[in-house]
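Taking it in order: structure first as structure tokens, then the write-up.
The values are calculated or read from the model by the stated rules, or taken from the named source; none is laboratory data. Predicted model only: the values in this text are computed from it and were never measured. Ideal geometry is used to build each Cβ from the backbone, glycine not excepted, and the neighbour counts take in all protein chains shown. Side chains are part of the model used for accessible areas, which takes the heavy atoms of the whole protein and leaves out ligands, DNA and RNA. Shrake-Rupley method; radii C 1.70, N 1.55, O 1.52, S 1.80 Å.
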Amino acid sequence: MRIGELATLSGVAAKTIRFYEQAGLMPEPPRTAGGYRDYPDHAATRLTFIRDAQRAGLTLAEIRGILFLRDSGQAPCSHVSDLVHQHLGDIDLRMAELRKTRTALKELAQRAAATDPASCSDADICRILSQPAGSIAGSPGRNP
């Protein structure tokens, strides 16, 4: 099948398919006498897998590793399980960081609501973001 047909069948753009070939995710297909790529039917399955793995948050390098294992005859299940758990841990860490950032931004929003722009001096850059005198470093708006 030609690249346009494969793109339609898999829902992956032809340009992306060519990129995947260059990145080592898709094997280079044989060519027709006219020089056109001639993809086997199973290429659509591989493209669907790549798309689904990306949606799950895996990087192209991680996907390449999974495909390498499969192409070498090994079941990649254990490797995929490890990657999934690693990504879950990363997400949990990012969510904790985002909760801290959200708390800090809420405190800054409260400070912004209570700040009168007329009370700012030329020496201030921004009183909302600057630590008030006597506050605890790293805790916007909190005074001891």
Checklist entry - In the chain, carbon and sulfur make up what percent of the accessible area (probe 1.4 Å)? => result 58 percent
Item to check | Largest-first principal axis extents, alpha carbons of the chain, Å | outcome: 78, 36, 21
Checklist entry - Which net charge results for the neighbourhood of residue 84, defined as the other residues with beta-carbon distances under 15 angstrom from its beta-carbon, given Lys and Arg at +1 and Asp and Glu at -1? => result -4
Next on the checklist: As a test of reading the structure, rank 84, 12 by solvent-accessible area (1.4 Å probe, protein chains only), most first.
Outcome noted: 84, 12
Next on the checklist: If you count only protein heavy atoms and use a 1.4 Å probe, how large is the accessible surface of residue 115, to the nearest 10 Å²?
Outcome noted: 40 Å²
Checklist entry - Ignoring ligands and nucleic acids, what accessible area does residue 18 show with a 1.4 Å probe (Å², nearest 10)? => result 90 Å²
Item to check | Within segment 42-69: backbone nitrogen closer than 12 Å to the residue 91 label point (7 Å, Cα to C-beta) | outcome: 55-58
Checklist entry - Could you give the angle, 0 to 90 degrees to the nearest 10, between helix 77-114's Cα long axis and the longest principal axis of the Cα atoms of the chain? => result 30 degrees
Checklist outcome for this item: So, with points 7 Å from each Cα along the Cβ direction, the residue 14-residue 125 label distance in nm works out to 5.2 nm
Checklist entry - What accessible area per residue comes out for the chain, rounded to a whole number of Å², with a 1.4 Å probe? => result 69 Å²
